[in-house]
Amino acid sequence: MPGAPGRQRWGRRRRLLLVAGAAGVLLAGGTLAGFVVAGGDEPTGRRADFAVSASPPAWTVRAADRLTSGTGLRYDGTMTIGGRTVRVNLRLTPSGMATGALTAGALRADVVAIDGDTYIKAGPAFWRSYVPDVPKIEYYAGRWSKAPASLPGFDVPDVLGPASIARMLEKAPASPPRENVNGVPAFKVTARGAEYLMAAEPPHRLLSVRAGGPNAPALTAAPVAAPATLFAELRSRVAGLGGAADPRLRFRPGALRFGACDKNPNGCTVTVPATLTAPAGSVPEGARAALRATISSRGARLGSCTASEPVPEGRSLTLRCTVVDRDWRDWIRHALDNPGSYPYEATAHVVGEAVARDAVPGLLARVDRERDTVMNRAVDEQPPQVATSGSPATP
């Protein structure tokens, strides 16, 4: 931020009078006054003043610049869920995209955050132990699902994202309270229900965060040492978010119907009507419903299909998908060649969908843009190589 923070330099007072016809503008010492002359000898009009806001404290400017122009932040610590300790390990890009894990003994949940939302991928045991308030965990276990409000208990990008913290520092006081973090003097800044401990000495790096929320995590912070590894993991996880479930949305399905299935080797269509039952009130922005259907015969799986649609304001919609698996084609052809009875059945459920499959390329593009920016910055900041005796510099 140019200039010395908290000071404005004013030069010699200037007086400029511009007259054009019957209108003029008077500028004097930073106050703007407009006058309109209409017929008489005396001017009439109105006066308007503008204020110059004070610059943020110098220490917050340096701290914010370090946060947004670095390689990202790594967080390590613990939080308590249901009276049990869960280990938190997260790495965030400067903009706030995140990847990491929550671990509790042998149980683990992978974490990814992008576009302001956090997702987890965990087995049934983790869901049963740490997200018991979500019914039908089989709909969410083993796949990417939007993190329920109780897990991790706070908004990861908003609370831990470097860019978000930098914006928060704009409102920090010039002389915040102090405390020691492992013997290091630190400023304590409180915002969004969390406490941020920033080193009191330049360059004022972030030392730790005590996040608010029901699980109250305590996390140490450090710059990301290997941004290439961070972005590789982040990109791989974002690529798998297509069709990620949203446990916040609940649906009441109607009667399942088959369409064009008998004797048709080209596929079998499953249709299910559904109505959004939770949350109540208006339909959440971007809410989607996803159909997951499986066809079988005498216990043998013949194929599955998925489809999703936005939830309309009326809350009700009809979903349909077509099973075209090879197992279905082979089963139909066998039935046509061997007359007899061939019963088949379908099971289906409707869940909320957090990420449409066609939205994934746009998310990956965001990852790639920030990766290129961070990696180019890291290359630019490399110290120049110096040739030493007997060891020529690498070209």
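Mind listing the long-range amide H neighbours of ARG288? Cut-off is under 5 Å, sequence gap 5 or more, other chains count too, H placed in the peptide plane at 1.01 Å from N.
Close amide H contacts, sequence-distant or interchain: VAL311, GLU353.
SER208's amide H: which non-local residues (gap 5+, or another chain) put their own amide H closer than 5 Å, with H modeled 1.01 Å from N in plane and none for Pro or chain starts?
LEU197, ALA221
Mind grabbing the base-10 log of I(q)/I(0) for the stretch 112-220 at q = 0.12, 0.17, 0.22 Å⁻¹? Debye formula, identical points on the C-alpha positions, no solvent, two decimal places.
Debye intensities relative to I(0), on a log10 scale: -0.51, -0.83, -1.13.
Determine the gain in length on full extension of the stretch LEU364-THR318; use 0.36 nm per residue of separation and subtract their C-alpha separation, reporting nm with one decimal.
Values: separation 46, 0.36 × 46 = 16.56 nm, distance 3.01 nm.
Here the segment from LEU364 to THR318 would lengthen by 13.5 nm.
Hey, if we sort ASP115, ASP158, ASP76, ASP246 by accessible area with the 1.4 Å probe, largest down, what's the order? Walk me through the numbers on the way to the answer.
On the way: ASP115 100, ASP158 65, ASP76 30, ASP246 5 Å².
Largest accessible area first, the list is ASP115, ASP158, ASP76, ASP246.
At a probe radius of 1.4 Å, what is the per-residue accessible area of HIS349, in Å² to the nearest 10?
Its accessible surface works out to 50 Å², give or take rounding.
Where the centre of each part is set by its Cα atoms, how far does the stretch 160-212 sit from the stretch 65-87, in angstrom?
So the two Cα centres are separated by 14 Å.
Under 5 Å between amide H atoms, partner at least 5 residues away or on a different chain: which partners does GLY96 have, H built in plane at 1.01 Å?
Those qualifying (amide H under 5 Å, at least 5 residues apart or on another chain) are ALA163.
Taking the Cβ of ALA244 as the center, what net charge do the other residues with Cβ under 11 Å away carry, scoring Lys and Arg +1 and Asp and Glu -1?
Result for the local shell: +3.
Run the reach check for LYS136 against aspartates and glutamates, Cα to Cα strictly under 16 Å, same-chain hits fewer than 8 apart removed. What comes back?
Filter leaves ASP246, GLU353.
How do ASP117, ASP133 rank by accessible surface area computed with a 1.4 Å probe, from largest to smallest? Mind dumping the intermediate values first?
Working: ASP117 50, ASP133 100 Å².
Ranked from most to least accessible, the order is ASP133, ASP117.
How much accessible area does LEU364 have with a 1.4 Å probe, in Å² rounded to the nearest 10?
Roll a 1.4 Å probe over it and LEU364 shows about 30 Å².
The values are calculated or read from the model by the stated rules, or taken from the named source; none is laboratory data. Since the structure is predicted, the reported quantities are computational estimates derived from the model, not experimental observations. Virtual Cβ from ideal backbone geometry, glycine too; neighbours counted across all protein chains shown. For accessibility, only protein heavy atoms count, side chains too; no ligands or nucleic acids. Shrake-Rupley method; radii C 1.70, N 1.55, O 1.52, S 1.80 Å.
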